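Structure first, then comments.
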Amino acid sequence: SDRVAFEIDCGWVHKGGADPETELKRYAERIVAIQPKDPRAEGDTREGGWAATGEGILDWEALVPLFRATKAHHIVTEHDNPNDWRAMARTSINELRRLGL
């Protein structure tokens, strides 16, 4: 249904084999929150394969302009298994600020 809204998790979109850029464009009208979750390179299993936003493999410089084309009101930084959640949060927030979010 066109009335279904969702929170896109860029990291899981990537790990699921899809392209976050394509999905951000495809569902821009339905996206109400965005998770800039950053996966590590394939085979890098540190912290469950996740990194702080900006320390993984996704191209946030290319994705952030697409964030602005959605209906998202919230950016939710997340990491499934950080060694130090405070450091992960600080690093991610600093990257999001650097990106103008």
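The values are calculated or read from the model by the stated rules, or taken from the named source; none is laboratory data. In this text, all values refer to a predicted model and were calculated from it rather than measured experimentally. Don't worry about glycine lacking a Cβ; one is built from the backbone with ideal geometry, like all the others, and counts go over all protein chains shown. For the accessible areas, the whole protein counts, side chains as well, though only heavy atoms, and no ligand, DNA or RNA atoms are used. Shrake-Rupley method; radii C 1.70, N 1.55, O 1.52, S 1.80 Å.
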*Relative contact order of the chain: what whole-number percent is it, with Cα pairs under 8 angstrom and at least 6 residues apart?*
28 percent
*Quick one: pull the percent of accessible area on the chain belonging to carbon and sulfur, 1.4 Å probe, ligands and nucleic acids left out.*
47 percent
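Looking at segment 21-101, which trypsin sites (Lys or Arg not before Pro) are DSSP coil and have at most 11 other C-beta atoms within 10 Å of their C-beta? Write out the running numbers ahead of the final one.
Values: sites: K25, R26, R30, K37, R40, R46, R68, K71, R86, R90, R97, R98; in loops: R30, K37, R40, R68, K71.
Taking segment 21-101 and a limit of 11 other Cβ atoms within 10 Å, the loop trypsin sites (Lys or Arg not before Pro) found are R68.
Grab the Cα-Cα distance for H74 and D59, subtract it from 0.36 nm times how many residues apart they are, and report the gain in nm with one decimal.
So the extension gain works out to 3.5 nm.
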*Under a 1.4 Å probe, what is the accessible area of the chain per residue, stated in Å²?*
60 Å²
*How many times 2.2 N^0.38 Å is the alpha carbon radius of gyration of the chain?*
1.03
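Restricting to DSSP loop positions (anything but H, G, I, E, B) with no more than 15 other Cβ atoms inside 10 Å of their own Cβ, which GluC sites (Glu not before Pro) remain in segment 49-101? Don't skip to the end; give the middle numbers.
Numbers: sites: E55, E61, E78, E95; in loops: E55, E78.
Here the sparse-neighbourhood loop sites are E55.
Please list the equivalent ellipsoid semi-axes of segment 26-71, computed as the square roots of five times the alpha-carbon gyration tensor eigenvalues, in descending order and whole angstrom.
Numbers: eigenvalues 118, 22, 13 Å².
Each semi-axis is the square root of five times an eigenvalue, giving 24, 11, 8 Å.
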